[in-house]
Amino acid sequence: MRVGRATLPPSDRGQLGEDVEDDERDHQERRLENLSPVGGVAAPSRVPALPSHGPKPTTGLGGAPWYVRSMTEPNGTALPPALAALAAPAPPDEATIVAAGIPFHVLLWGEAGDAPLLLLHGVTSAARSWWRLGPGLAAAGYRVVAPDLPGHGRTGHWTGHHRFRDSARDLAAFAAAALPGAAPADVRVVGHSWGAMTAAALPAARYVPGRLVLVDPPAIPLEVLAPMLDDPTERRYDDLEEAIRIVAAVNPTWSEGDVFAKAEGLTQFDEAAVRAVLTQNGDWDGGLADLADPAARDVPVRLIRGDPAAGGLVPDEALPALAARLGTSQVATIAGAPHSPHRTHPAETLEALLRFLG
């Protein structure tokens, strides 16, 4: 992708030329074909019921000790409609839901009666970062609810709740308001980065979901996190066009939709919120401290991480402690993927999510 090309939301890209759009669609379809179910085995058409809380496997699945499963080979778990939805993502519905005194801006995909699923984005980002995964998960039978977190996106209203458990209390109130007919045990939660750290704290905030999937929750010291404040792809911009140029230049392989979503988020977040989240939570531990709370004891937790060699923030040395809590076979690495695998490896990330959410 050339610098400055992604100047419009994905829904308006027709102005960039039908040939470019067709090329991108063909490329995505080829990636999806390579990840389609093998052996002619069709995946189930609906989301399965949450399994009972049984013992967690502790044996690895081959390969390097902590590269339990690379998610680069097809296994038949991902639903064909879900994968196809990545190539032509459906636009979301939008709503404002007030909870904990915060008017959460929310993106919604799927049918109201489908299995409820919360998607929580990372710091400096927004719900639009799920623009492909949201439709994919909805096509698999989920009612996807993706809020802009406080101090981010169109929610704003930063209240100073930078501690993970304080953020989780706000999100617990949001979940109760957004899904009034769903018991927490019937709700699945996926969080990325800061969203994953917040998700891990939900049980301690007395909202105990049926399942948690943490996507690259950073397990790194504060001294590594703090420089993000000066990263040109993480700082605040007032001009969207400038943000698009920078994000596209630093990430030339990203799709236009991901460039736009990231750039737009960089024009929306509250700088005080980002500074507090990054610098006032001490060393980040991948969510382990909050998962040690007794309320989280029986919650199935899965970990999908990026590849540390490609920028993932869950290093190999952090995995023994995480695997001891989750079970070794509940840890998956998307080989070659960075900290935000849903941006660079959407099909692999969707397959991993469907495997771990089922």
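Below are the figures for this structure:
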{"item": "Scan of the stretch 125-146 for residues that are of a type in the set (Gly, Ala, Ser), in contact (Cβ under 8 Å) with a residue 60 or more places away in the chain, within 27 Å of residue 233 (Cα to Cα) and not in a helix (DSSP H, G or I), ordered by number", "result": "125, 126"}
{"item": "Pair list, Cβ under 8 Å, 6 or more apart: the stretch 226-245 residue within 21 Å of residue 257 (Cβ to Cβ) and charged (D, E, K, R), other residue at pLDDT 95 or above and outside any loop (DSSP other than H, G, I, E, B)", "result": "234/266; 234/274"}
{"item": "Filter result for residue 169 (buried (at least 23 other Cβ atoms within 10 Å of the Cβ), more than 18 Å from residue 352 (Cα to Cα) and among the charged types (D, E, K, R))", "result": "no"}
{"item": "Residues located in the stretch 173-204, provided they are of a type in the set (Gly, Ala, Ser), crowded, with 19+ Cβ neighbours inside 10 Å and closer than 14 Å to residue 295 by Cα", "result": "199, 200, 201, 204"}
{"item": "Residue, modelled with the highest pLDDT, within the stretch 78-89, restricted to residues that are in a loop (DSSP other than H, G, I, E, B) and surrounded by 20 or more Cβ atoms within 10 Å (Cβ to Cβ)", "result": "89"}
{"item": "So residue 157, is it buried (at least 21 other Cβ atoms within 10 Å of the Cβ) and either over 26 Å from residue 344 (Cβ atoms) or in contact with a helix residue (DSSP H, G or I) (Cβ under 8 Å, 6 or more places away or on another chain) (or both)", "result": "no"}
{"item": "Residues of the stretch 320-345 satisfying the condition of being farther than 21 Å from residue 122 by Cα and of a type in the set (A, V, I, L, M, F, W, C)", "result": "321, 323, 324, 326"}
{"item": "Helices (runs of 4 or more DSSP H) enclosed by the stretch 205-305 - at least 3 residues per element that are at pLDDT 95 or above and surrounded by 14 or more Cβ atoms within 10 Å (Cβ to Cβ)", "result": "240-250, 256-266, 271-279, 288-291"}
{"item": "Close pairs from the stretch 189-202: first in contact (Cβ under 8 Å) with a residue 12 or more places away in the chain, partner of a type in the set (Lys, Arg), Cβ under 6 Å, at least 6 apart", "result": "201/165"}
{"item": "Which numbered condition residue 122 misses (of (1) surrounded by fewer than 22 Cβ atoms within 10 Å (Cβ to Cβ); (2) small (Gly, Ala, Ser); (3) in contact with a strand residue (DSSP E or B) (Cβ under 6 Å, 6 or more places away or on another chain); (4) not in a helix (DSSP H, G or I))", "result": "(1)"}
{"item": "Qualifying position, being touching a residue at least 24 places away in the same chain (Cβ under 8 Å) and assigned to a helix (DSSP H, G or I), among 333, 349", "result": "349"}
{"item": "Conditions (1) more than 23 Å from residue 255 (Cα to Cα); (2) of a type outside the set (Ser, Thr, Tyr); (3) not in a helix (DSSP H, G or I); number of the one not met by residue 107", "result": "(1)"}
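Residue-wise test of (1) at negative phi; (2) touching a Pro at 6+ places or on another chain (Cβ under 7 Å); (3) polar (S, T, N, Q).
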{"residue": "83", "(1), (2), (3)": "yes, no, no"}
{"residue": "86", "(1), (2), (3)": "yes, yes, no"}
{"residue": "102", "(1), (2), (3)": "yes, yes, no"}
{"residue": "118", "(1), (2), (3)": "yes, no, no"}
{"residue": "148", "(1), (2), (3)": "yes, no, no"}
{"residue": "151", "(1), (2), (3)": "no, no, no"}
{"residue": "159", "(1), (2), (3)": "yes, yes, yes"}
{"residue": "163", "(1), (2), (3)": "yes, no, no"}
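The values are calculated or read from the model by the stated rules, or taken from the named source; none is laboratory data. Treat the numbers as computed from the prediction; the structure is a model and nothing was measured. Here Cβ is always computed from backbone atoms with ideal geometry, including for glycine, and neighbour counts include all displayed protein chains.
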